[in-house]
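The values are calculated or read from the model by the stated rules, or taken from the named source; none is laboratory data. Worth saying up front: this structure is predicted, and the values here are computed from it rather than measured. FYI the Cβ positions are ideal-geometry reconstructions off the backbone, even for glycines, and counts take in every protein chain you see. Just so you know, the surface numbers come from the protein's heavy atoms only, side chains and all, with ligands and any DNA or RNA stripped out. Shrake-Rupley method; radii C 1.70, N 1.55, O 1.52, S 1.80 Å.
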Amino acid sequence: MPYIKVRGVDHYYEWVKKPSGSLVKPVMVFMHGWAGSARYWQNTANALSEQFDCLLYDLRGFGRSRGKPTIAQASEAVAESESSQEESEAIRELTYELEEYADDLAALLDGLHLQRVYINAHSMGASVATLFFNRYPQRVERGILTCSGIFEYDEKSFSAFHKFGGYVVKFRPKWLSKIPFVDRMFMARFLYSSIPHSERQAFLQDFLEADYDAALGTIFTSVSKAQSEVMPLEFAKLTVPTLLVAGEYDKIIPAEMGRKAAALNDKVKFVMIPNTAHFPMLEDAPTYMQVVQEFLQINIPQPQAK
């Protein structure tokens with residue numbers, strides 16, 4: 001499997017491409033959400049591969065990517081780096097702040113010699129992408145945020161969420177995936193319309209294999225008082241043309257959160273897809289691709305409806 005070292009950590013990545021003769025295609029980078037992996041972007045990337053060279057990668061600590069570098073890896077990365085003392089220390093002290101994941105993406109693009117790209121990001125990945133759009137606007141042509149938005153801080157509910165999330169991350173026995181229908185129960189909260197068993201099973205497997213520190217750490221950094229204050233400001237100052245796609249029945253990030261985020265900036269176009277929840281690109285691929293096509297102003301072969 002292809003790996004690239006990003007800030008001292010091995011990251012899994014893959015290309016989804018179709019031959020185009022002499023035509024040089026633009027690159028679209030796909031970013032997944034919490035405890036997921038690039039696997040669930042495969043169908044979308046395939047549909048877009050006529051117009052884009054699609055780059056899929058697993059965020060640090062998720063899917064097939066490692067969590068923090070080992071001491072030896074960190075030392076090696078620092079030794080190979082021509083960076084300053086401050087940057088060297090940053091390699092040793094990687095955290096799970098979303099801003100760090102935005103910097104991971106910048107380093108990934110550098111490592112693959114990519115200057116300017118399109119980005120399609122989902123859920124937690126979309127929060128990371130929003131930060132990336134503002135930190136590195138010169139590197140983004142257009143952005144698509146799938147299931148993202150802003151939320152208000154509530155100390156009691158956030159505390160309960162973090163406590164419950166800690167239990168969920170701690171109790172992840174590998175044998176769980178062997179129990180019949182567990183994948184269906186696991187995905188019930190995320191879906192309104194059905195998706196194939198193989199995709200549900202892949203989601204469950206990614207969740208069970210996510211790095212403990214990364215899974216727990218990003219619960220606290222994604223859903224926090226700080227993020228409730230930062231994200232409205234980030235959406236308000238976006239300069240990158242952005243599409244924000246919401247699922248009508250999304251319980252994880254309700255569509256109204258996305259609508260409020262889009263209302264902060266006329267660079268952001270909001271679209272809600274009916275009869276979908278947290279994975280509209282899988283629950284209703286034809287409609288999702290039509291929305292993306294209209295935003296990107298390209299022609300995409302439509303996937304067959306289920």
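Is the C-alpha gyration tensor of region 185-306 telling us rounded, prolate or oblate? Criteria: a/c under 1.5 is rounded; beyond that, a/b larger than b/c is prolate, otherwise oblate. Oblate.
Rolling a 1.4 Å probe across the protein heavy atoms gives region 82-216 an accessible surface of 51 Å² per residue.
Per residue, the solvent-accessible area of region 1-70 (1.4 Å probe, heavy atoms of protein chains only, all protein chains present) comes to 37 Å². Taking 7 Å steps out from each Cα toward its Cβ at residue 42 and residue 93 produces label points 4.0 nm apart.
Sum -39500 (n - 2.57) across every DSSP H segment of at least 4 residues in the chain, then divide by the residue count to get the 222 nm mean residue ellipticity, nearest 500. Write out the running numbers ahead of the final one.
Values: 13 runs with 133 residues, N = 306.
So the helix-based figure for the chain works out to -13000 deg cm²/dmol.
Taking a point 7 Å out from the Cα of residue 225 in the direction of its Cβ, the residues of region 162-183 whose backbone N falls within less than 20 Å of it are 162-166.
Quick one: with all protein chains in place, what share of the accessible area of region 152-306 is carbon or sulfur, to the nearest percent (1.4 Å probe)?
Values: 4940 of 8370 Å².
Carbon with sulfur: 59 percent of the solvent-accessible area.
Could you tell me which of rounded, prolate or oblate describes region 1-45, using a ≥ b ≥ c as the square roots of the eigenvalues of the alpha-carbon gyration tensor, with rounded for a/c under 1.5 and, failing that, prolate when a/b is larger than b/c and oblate otherwise? Here region 1-45 falls in the oblate category.
Kirkwood Rh over Cα pairs of the chain into Stokes-Einstein at 10 °C, 1.306 mPa s: D in µm²/s? So the translational diffusion coefficient is about 80 µm²/s. Given axes a ≥ b ≥ c from the Cα gyration tensor, I'd like to know whether region 255-302 is rounded (a/c under 1.5), prolate (a/b larger than b/c) or oblate. Cα axes put region 255-302 in the oblate bin. In this structure, the amide hydrogen of residue 243, modeled 1.01 Å from its nitrogen in the peptide plane, lies closer than 5 angstrom to those of 143, 144, 145, 269, counting only residues at least 5 positions away or on a different chain. Each of 296, 109, 140 was placed along the dipole of the chain (beta-carbon charges, centred on the mean Cα), and the one lying farthest toward the positive end is 296.
Applying 0.36 nm per residue to the separation of residue 168 and residue 23 and subtracting their alpha-carbon distance, the gain on full extension is 47.5 nm. Assuming charge only on the beta carbon of Lys and Arg (+1) and of Asp and Glu (-1), the dipole of the chain about its Cα centre is about 860 debye to the nearest 20.
Taking 22 Å as the straight-line reach from the Cα of residue 163, the lysines in range (excluding those fewer than 8 positions away in the same chain) are 174, 225, 251.
With Cα atoms defining each centre, region 1-36 and region 139-184 are spaced 24 Å apart in the structure.
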